[in-house]
Structure formats: structure tokens, C-alpha cells
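Step one of this worksheet: look at the structure below.
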């Protein structure tokens, strides 16, 4: 939000009268006044507004717990709009979950929402996407969107992108997927809407489409968005590191398609030219960009951009240490594909992480362990890579479930990779263990 602190929320957060009185708890009469103050907070930013948001969340939570229907539909939406800005606060989350339950259970409330309201709700619900109440509410809103073409068509490009990005948080849910696909058809077919999307909206849509990449209409929409990225310099300048990573991550799902390669190349140029952007990428976004750019390693510009990102990974321990298991694996894959001295140094950095982080090692499945071994095998003469490979071999030896279906298909590849290191007993034992598992799996058919 824009704007500085105002005196109003500062006074509000420190006003004893803001705490809910017993009279308010009985009647809910203060709900309107509280949500009017809430709307004012939503137009401010800063610590005083945060305190005011927490204070009012506690107040409204007590009102809503007495009877959630005390709040009108408009008040629910206004609350959700501001809760989105303070979603990390416990009080705001508690109120959000109560309102999510109301949205999920109240058909009349959902029927009263317009497109902008649904976008607001979905965006806020996605902040707590692991909560059942939020998932249920999102599923019901998705069904509303899926069933009402007029409602979908009323969405602006910005609102449509918000809905897509939020729905993709639950991309494994059928209702959210169907609604997302229905919205995607507008991007694929509505040229004025497509041309009106700004950098934020393009990135939000691309992130969602990448998650539903098996659907043909998502490819159609991404192709059109890719053409805009390839030709619209103003759009490229609107992308910060987060947005650029979202676009590259989606384009990489169709890395062999011409339009996606061309757009990827244009984004690679931005990565090469903008050192400040590279330096401000967090670990996750760097890993996504590196993984995508390495897929176009035959292109000099993409290789150069990937190499620059590899150099940052190799030199910045804080970036490496924040990578999740998924992104560590993807970085190993990308670096193995790239090769060269810079990739070599980055693999060494990741190897040190493997040696120091027991929890990370435990998070690898069979495919992840295999991909890490594949990358390490390219640098087997380096002692730290050898030690990291030994850690992986020990994990293979002691975890009978590591190559359980569907990861059993990696067992043979892993066996071949273990043979690269034949100077240490741990590798021989791990290979023997895999052979036994292969025999057991084969005999079960």
C-alpha cells in the first residue's frame, strides 16, 4: 500500500475504547463502526496501521465468533481486502479463517459478489492456502467462477490475473483447475485483454499457467503472452526479480516451443544486463531462473545469463543455504547441464550444503537423490563432491523406501551412477542394496 502513517490508526491502536466491550459482544452493534475504521486502515501503511489492523482484527474476531453473519457481505470483503496486507499477523489470520468459513458456507454471500470481490477474496485466501477453511472457500468461489461466464467476462485483466494466480495455489484441486482453465480461455482469445496486461498481471498469469501446463489452452495463452514478452520492451522493464522468475519458470514448461525460446532469450538479456536485479534475486527465484535458462544452454545469451546466476550461487552462501530441497535438486540439474568452471564452483557450494544439512538430505526422494548424484559424478575428483556423494550413498543404503514407486524407475540410473565411485565401500553397499530392490520389484510383476 502507498502512503505514510496517519495519526488516525496510531490513535486507534492505543485507544482503550477500541477493545470490545461486553455490550458489543452481546449485540454486535459495533461491527459497522469497526469495519469503517478497518477501511481507513486499509488505505494506510506502516507500523501504526499494522497495530491498528491487529487491534481491530481482535475486535472483529470476537464479534464474528458471536455470530459471523453480524458482518454484512460488504464488510466481509472490506476486511478481506485489508487482511491481505497483514496476513502474517496471528490476529489477522485468525479473523481471516473465520471469514473464510463464512465465505465457504454462505451461498447468498457468494452470490452477491462481483468479479472484483471474488478476486479480493481469492487473493487473501491464498495467503493461508494450507488452511482447510481457505481451501474450502476457494473451491466454492472457483465453482461460482466456473458456472458464470458473465462473471468471468466482467473481470478486468488485473482481476483475472489475481484470480488465476490465487487459484493456482490449489492447482491440484479439480474445481480450482476448471475455473482456472475457464479464465485462461479469455487470455487465449481476448486480444484487447491480453494487450492490456501489465508486468504484474502477466507474471501472475504465467505462474499459474505453468502449473497447469498439461492443458492445451494454457499453451495457447502462454504463447500469446510469450509473444508480448518478446516484443514489448516496456513490459520487460516492469518485471522485477519475482515477476521475471515467474515468467521464466512458466516458459520453461514449453522450452522446446519457438515462442517460449524467443521470450526466454529476451528475459535472459534482462538478466545479463541488470546486475542489480541478479543481486536481489532470493534463493528460490534464482533457482527457478537458473533451471529455466539452462534449458536453452545452446543459446549464447541464455548460457551467459545462467552462468552469471551460477556465479552468484557459487559466491553467496546465504543464497545457497536458503534453497529448499526442490530447488537444490533443480540447481544440481541445471549446473550439470551447463558445465564449465562457474558451474563447477556452484556444485562445490551445493556439496558443502549437502554435507552440513541433514534435514535437507532426508527430504530427497529417489529422483532427487539420483539427480544430485548425476551432477556430482561430473566433478568426482573434487573431494567435497566425493564426500557429498558418500552422504547420498548412505541415505540410499539405509532408506528402503527411497526407490518405492513411482521413484523405482530411477533405481537403475542411480545404480549406474554409483559405479562411478568404485573406491569406497559405501558405494558398493548402496549399489548392492539397489540391486536387491530391483529384483524384488521385478519379481512382483
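The values are calculated or read from the model by the stated rules, or taken from the named source; none is laboratory data. In this text, all values refer to a predicted model and were calculated from it rather than measured experimentally. Cβ atoms come from the backbone with ideal geometry, glycine included; neighbour counts cover every protein chain shown.
Looking only at the stretch 432-444, how many residues end up being more than 36 Å from the chain's Cα centre (by Cα) and modelled with pLDDT of 75 or more?
First pass over the stretch 432-444, keeping only residues more than 36 Å from the chain's Cα centre (by Cα): 432-433, 435-436, 439-440, 442-444.
Next cut, modelled with pLDDT of 75 or more only: 432-433, 435-436, 439.
Here the count works out to 5.
Given the structure, is residue 99 within 17 Å of residue 57 (Cβ to Cβ), in contact (Cβ under 8 Å) with a residue 40 or more places away in the chain and assigned to a helix (DSSP H, G or I)? Walk me through how you get there before you give the answer.
On the way: within 17 Å of residue 57 (Cβ to Cβ): yes; in contact (Cβ under 8 Å) with a residue 40 or more places away in the chain: no; assigned to a helix (DSSP H, G or I): yes.
Spelling it out, it is not the case that residue 99 is within 17 Å of residue 57 (Cβ to Cβ), in contact (Cβ under 8 Å) with a residue 40 or more places away in the chain and assigned to a helix (DSSP H, G or I).
Any chance the stretch 53-73 includes a residue that's part of a helix (DSSP H, G or I), crowded, with 20+ Cβ neighbours inside 10 Å and within 23 Å of the chain's Cα centre (by Cα)?
no
Can you pull out the residues in the stretch 368-386 that are assigned to a helix (DSSP H, G or I), within 13 Å of residue 347 (Cα to Cα) and touching a helix residue (DSSP H, G or I) at 6+ places or on another chain (Cβ under 7 Å)?
Filtering the stretch 368-386 for residues assigned to a helix (DSSP H, G or I) gives 368-377, 383-386.
Applying the additional criterion that residues be within 13 Å of residue 347 (Cα to Cα) yields 371-377, 383-386.
Selection gives 371, 372, 373, 374, 375, 376, 377, 384, 385.
Restricting the search to the stretch 103-119, which residues are buried (at least 19 other Cβ atoms within 10 Å of the Cβ) and either closer than 22 Å to residue 65 by Cα or touching a strand residue (DSSP E or B) at 6+ places or on another chain (Cβ under 9 Å) (or both)? Before the answer, list the steps.
As a first pass, look at the stretch 103-119 and keep what is buried (at least 19 other Cβ atoms within 10 Å of the Cβ): 103-104, 109-110, 113, 115, 117-119.
Those that are buried (at least 19 other Cβ atoms within 10 Å of the Cβ) and either closer than 22 Å to residue 65 by Cα or touching a strand residue (DSSP E or B) at 6+ places or on another chain (Cβ under 9 Å) (or both): 103, 104, 109, 110.
Looking only at residues in the stretch 387-409 that are in a loop (DSSP other than H, G, I, E, B) and surrounded by 15 or more Cβ atoms within 10 Å (Cβ to Cβ), which one is modelled with the highest pLDDT? Spell out how you get there, then give the answer.
Filtering the stretch 387-409 down to residues in a loop (DSSP other than H, G, I, E, B) leaves 399-406.
Remaining after also requiring surrounded by 15 or more Cβ atoms within 10 Å (Cβ to Cβ): 399, 402-403.
Details: 399: 90, 402: 87, 403: 85.
Top of the filtered list is 399.
Please state which one of 228, 224 is more than 18 Å from residue 165 (Cα to Cα), in contact with a helix residue (DSSP H, G or I) (Cβ under 9 Å, 6 or more places away or on another chain) and either free of Cβ contacts under 8 Å to residues at least 24 places away in the same chain or part of a helix (DSSP H, G or I) (or both).
Values: 224 fails: more than 18 Å from residue 165 (Cα to Cα).
228 is the lone residue from the list that is more than 18 Å from residue 165 (Cα to Cα), in contact with a helix residue (DSSP H, G or I) (Cβ under 9 Å, 6 or more places away or on another chain) and either free of Cβ contacts under 8 Å to residues at least 24 places away in the same chain or part of a helix (DSSP H, G or I) (or both).
For residues in the stretch 122-159 being crowded, with 24+ Cβ neighbours inside 10 Å and within 18 Å of the chain's Cα centre (by Cα), which is nearest to residue 193 (Cα to Cα)?
Taking the stretch 122-159 and keeping what is crowded, with 24+ Cβ neighbours inside 10 Å, we get 122, 124-125, 134, 137-138, 141-142, 145.
Cutting the leftovers down to within 18 Å of the chain's Cα centre (by Cα) gives us 122, 124-125, 134, 138.
On the way: 122: 21, 124: 24, 125: 25, 134: 29, 138: 24 Å.
Among those residues, the one meeting the criterion is 122.
For the stretch 276-334, which fully contained helices (runs of 4 or more DSSP H) count at least 3 residues that are free of Cβ contacts under 8 Å to residues at least 40 places away in the same chain and either in contact with a helix residue (DSSP H, G or I) (Cβ under 7 Å, 6 or more places away or on another chain) or over 25 Å from residue 356 (Cα atoms) (or both)?
Details: elements: 283-294, 300-315, 317-321.
Passing ranges, in order: 300-315, 317-321.
Exactly one of these conditions fails for residue 162: (1) more than 14 Å from residue 208 (Cα to Cα); (2) surrounded by 17 or more Cβ atoms within 10 Å (Cβ to Cβ). Give me its number.
Status for residue 162: all satisfied but (1).
Restricting to the stretch 410-427, count the residues that are assigned to a helix (DSSP H, G or I) and in contact with a helix residue (DSSP H, G or I) (Cβ under 8 Å, 6 or more places away or on another chain).
Just the residues of the stretch 410-427 that are assigned to a helix (DSSP H, G or I), to begin with: 410-418, 425-427.
Next cut, in contact with a helix residue (DSSP H, G or I) (Cβ under 8 Å, 6 or more places away or on another chain) only: 410-415, 417-418, 426-427.
Number satisfying all stated conditions: 10.
Pairs, please: C-beta under 8 Å, at least 6 apart or cross-chain, first residue under 27 Å from residue 166 (Cα atoms) and in the stretch 246-275, second at pLDDT below 95 and crowded, with 19+ Cβ neighbours inside 10 Å?
Going by the 8 Å Cβ cut-off, there are no qualifying pairs.
Does the stretch 343-350 include one or more residues that are surrounded by 15 or more Cβ atoms within 10 Å (Cβ to Cβ), at pLDDT 95 or above, touching a helix residue (DSSP H, G or I) at 6+ places or on another chain (Cβ under 7 Å) and over 26 Å from residue 384 (Cα atoms)?
No, every residue in the stretch 343-350 fails to be surrounded by 15 or more Cβ atoms within 10 Å (Cβ to Cβ), at pLDDT 95 or above, touching a helix residue (DSSP H, G or I) at 6+ places or on another chain (Cβ under 7 Å) and over 26 Å from residue 384 (Cα atoms).
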